[in-house]
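**Student:** Before I ask anything, let me first share the structure, which is written out below as structure tokens.
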Amino acid sequence: MSTHRDSGHGHNHTDVDWEVMAAHLEHSGELQLPVLRRTAARLRELLDPEKKVRRILDIGSGPGVMTCVFAEAFADAEAVAVDGTPGLLDRALARAERLGLGGRVAVRHVELPEGLDGVDDHGEGGLGTSDLVWSSKAVHHLGDQQGALTALAGVLSPGGLLAVAEGGLPMRFLPRDIGIGRPGFQARLDVVQERWFETMRAELPGSTALVEDWPAMLSRAGLTRVGSFTSLLDLPAPLGATARAFLHAQLTRLRETMSESLEVEDRGTLDVLLDPGAPEGILRRPDAFLLSATTVFTGVRSAR
Ligand SMILES: C[S@@+](CC[C@H](N)C(=O)[O-])C[C@H]1O[C@@H](n2cnc3c(N)ncnc32)[C@H](O)[C@@H]1O
């Protein structure tokens with residue numbers, strides 16, 4: 001097993017194997033495509049109309065779904081997927097080729113936070129100046145979140161925009177009472193995931209506690225016109241096969257990583273939900289839906 005930040009030794013239960021998650025991350029991004037396209041359009045509006053966008057960085061890009069959305073939305077720009085997991089960057093390049101965007105999508109293998117402020121593992125320096133820096137669900141995997149934001153703000157050209165997708169609401173996909181076990185299963189999953197997240201953050205190298213007030217953090221990074229917006233993905237029941245497969249993969253990962261923290265009855269519920277043949281399973285039950293809200297925090301580097 002290889003991960004972005006170790007050589008296969010000394011794993012603990014919060015060490016994420018991103019290579020293994022590649023297909024899941026790409027499916028997740030594809031489900032979010034309508035939201036991602038709206039987000040790219042909204043970010044365009046937050047930039048001054050005369051600001052030329054020539055270079056975009058997608059920090060912790062994963063398989064490059066948003067990188068490609070940017071390349072589509074900003075026709076004059078090069079979009080660069082930046083990630084510490086080579087297999088995900090390969091996917092980003094393949095995706096760009098498939099979509100006919102190959103000429104304007106590039107990848108950079110960078111281990112963060114080291115790659116933010118110096119020379120990466122190939123001896124190349126820094127990330128280069130950019131007009132738009134995007135990072136979705138990656139900054140929270142870095143020990144010093146404020147340090148990362150300050151470094152990302154530092155690569156912006158004058159008038160450039162930093163946008164980080166962090167937070168929002170926990171995803172919802174089941175009613176409160178699902179007819180198996182005690183009602184409130186999803187709320188209890190949230191508690192277990194929250195505990196996992198806390199441990200994951202505490203175990204990161206250079207882990208620094210701070211109040212996660214993202215607008216204040218962007219202001220401290222030296223940015224102006226700080227704000228946020230939230231986008232909703234609303235897939236009502238009955239779900240199609242793609243969304244069901246995504247939820248099945250999501251719950252499988254949960255069982256692999258966190259089931260020991262669940263009550264025995266909830267472990268049983270999880271098993272039923274994951275059973276492909278069960279009518280109450282997530283692949284077949286009629287009441288499954290998908291509701292997710294993502295908040296994007298933004299700030300602009302002063303043009304002066
Ligand atoms: C939760 S995924 C988010 C992927 C994508 N941005 C999205 O929103 O779907 C986190 C990504 O950050 C990358 N990542 C996590 N820690 C990293 C680090 N220290 N250096 C470089 N990349 C890292 C992982 O490889 C993974 O692709």
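Nothing in this text is a laboratory measurement; each read-out follows from the coordinates by a stated rule. Small disclaimer: the values here were computed from a predicted structure and weren't measured. Cβ atoms come from the backbone with ideal geometry, glycine included; neighbour counts cover every protein chain shown.
**Student:** Full extension from residue 186 to residue 50: what is 0.36 nm times the residue separation minus their Cα-Cα distance, to one decimal in nm?
**Tutor:** Roughly 44.3 nm would be gained on extension.
**Student:** Between residue 106 and residues 5 or more places away or on another chain, which pairs have amide H atoms under 5 Å apart, with H built 1.01 Å from N, and which residues are they?
**Tutor:** Distant-sequence amide H within range of residue 106: 79, 80, 81.
**Student:** For the chain, set up a Gaussian network in which alpha carbons nearer than 10 Å are linked by springs, and say which option among 223, 156, 204 fluctuates the most.
**Tutor:** 204
**Student:** Quick check for you: which residues of segment 281-304 have the amide N under 16 Å from the point 7 Å beyond the Cα of residue 193 toward its beta carbon?
**Tutor:** Of the residues in segment 281-304, 282, 288-295 have backbone N under 16 Å from the label point off residue 193.
**Student:** Apply 1/(1 + (r/R0)^6) to the Cβ-Cβ distance of residue 229 and residue 302, taking R0 = 25 Å, and write down the FRET efficiency to the nearest 0.05.
**Tutor:** About 0.75, to the nearest 0.05.
**Student:** Let me have the 222 nm mean residue ellipticity of the chain computed from DSSP H runs of 4+ only, each contributing -39500 (n - 2.57), with the sum over all residues rounded to the nearest 500.
**Tutor:** -11500 deg cm²/dmol
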